[in-house]
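The values are calculated or read from the model by the stated rules, or taken from the named source; none is laboratory data. The model shown is predicted, which means the values in this text are computed figures rather than measured ones. Quick reminder, even Gly has a Cβ in these numbers, built from the backbone with ideal geometry, and neighbours come from all protein chains shown. The protein model used for the area step is the full one, side chains on, heavy atoms only, and it has no ligands, DNA or RNA in it. Shrake-Rupley method; radii C 1.70, N 1.55, O 1.52, S 1.80 Å.
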Amino acid sequence: MTNRVNHGEAKSAVRVVQILERLSQGDDPTLARLARDLEAPKSSIHSVVQTLIGRGWVRRDAGGRLSMGTRALLVGSAHLDADPVVALTGPVLDDLAAGLDETVHLGRLVGTDIVYLAKRESTQPLRMFSAVGRRLPAYATALGKVLLAHLPEEDLDAHLPERLEALTEATITDRAELRAHLARVREQGWAADHGENSEGIACLAVALPRGDPPQDALSCSVPTVRFGPERRKSLLRHLMRARDDLAEVGGRR
């Protein structure tokens, strides 16, 4: 997140956006922590936060911790309801979840992150935790890697943070290694994540054939205890069939 105000931007509007973007990370900071993270005096953001609370965009609990309010949820839901890719992939996600009984996601590359736009839960007691709207570093997820692999080489750095931090011991943190890995993903047409962002969870992903380069991808997340070779082949086969089905639908539109 940048705290710089660019030429032509309204400083007050930028501050509102910075606050909402910071709260979207989901760790419910206090006002003091928010001010530190934004590198701003506490007094300068207090009135903005109060206004956002009054209008329902931000909520503050009894302990003074701040989080996104109901208004933000309503606007976010309206955006997803109007998103054509979410609508197009809904039946496909339903079919994947019913056929596989594993957690499936639709994700989009936004800056350096993958954002979950839609999901269908597994009914099994051991499954991945996730939520629509959650953001994860693209370089550490199958969804992100399959989309990064489609980018022109000169655009890749714009979608990577300055430092590739390790989320788990399996996370790729060396840029040269990541580039080599993405080349393999590009060649095979799918990506895998073996506990790179969540220990004990494996994931497979395929890019959707929309856009050049594509911005959206489908994935299936599975506890590693259920991710044997045969299960992996079956999951990948279903994902690639779903991708091909969506390509046919897109071609008829």
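Within the same chain, aspartates and glutamates fewer than 8 places from LYS11 are excluded, and of the rest, those with a Cα less than 16 Å from its Cα are GLU21, GLU39.
Computed per residue of the chain from DSSP H runs no shorter than four, each worth -39500 (n - 2.57), the mean residue ellipticity at 222 nm is -13500 deg cm²/dmol. Working value for the chain: equivalent-ellipsoid semi-axes of 34, 21, 19 Å, each the square root of 5 times a Cα gyration tensor eigenvalue, largest first. Who wins for biggest fluctuation among LEU235, LEU156, LEU136 in a Gaussian network model of the chain, springs between alpha carbons below 10 Å? Of the options given, LEU156 has the highest mean-square fluctuation. For the residues ARG226, ARG33, ARG179, a GNM of the chain with alpha-carbon springs under 10 Å puts the largest fluctuation on ARG33. A cut-off of 5 Å between modelled amide H atoms, ignoring neighbours fewer than 5 places along the same chain, links ILE114 with LEU136, ALA138.
Given a 1.4 Å probe and the protein chains as shown, HIS150 ends up with an accessible area of around 80 Å².
Sites listed here are GluC sites (Glu not before Pro) in the range 156-253 whose DSSP assignment is loop and whose Cβ has at most 16 other Cβ atoms within 10 Å: GLU162, GLU165, GLU169, GLU199. Placing one equal scatterer on every Cα of the range 105-253 and applying the Debye formula, the log10 ratio I(q)/I(0) at q = 0.10, 0.15, 0.20 Å⁻¹ is -0.31, -0.73, -1.33.
Given H placed 1.01 Å from N in the peptide plane, which residues other than close sequence neighbours of ILE201 have an amide H under 5 Å from its amide H? Correct list: GLY195, THR224.
The stretch between GLU21 and ARG33 holds 2.9 nm of extra length on full extension. This uses 0.36 nm per residue minus the Cα-Cα distance.
In this structure VAL85 has an accessible area near 10 Å², from a 1.4 Å probe over the protein heavy atoms.
Roll a 1.4 Å probe over the protein chains and send me the accessible area per residue for the chain in Å². Write out the running numbers ahead of the final one.
On the way: 13340 Å² over 253 residues.
On a per-residue basis, the chain sits at 53 Å².
Run the accessible area of the range 38-191 with a 1.4 Å probe and give the carbon-and-sulfur part as a rounded percent.
On the way: 4180 of 8000 Å².
With neighbouring chains kept in place, the figure for the range 38-191 is 52 percent.
Please work out the FRET efficiency for the pair VAL225 and ALA131, using the Cβ-Cβ distance as r and a Förster radius of 22 Å; give the result to the nearest 0.05. Calculated transfer efficiency: 0.45. Just ALA32, ALA217, ALA170 to compare: in a GNM of the chain, with alpha carbon springs under 10 Å, which one fluctuates most? Top of the fluctuation ranking is ALA32. If the chain linking GLU199 and VAL75 were pulled fully straight, counting 0.36 nm for each residue of separation and taking away their Cα-Cα distance, it would gain 41.4 nm.
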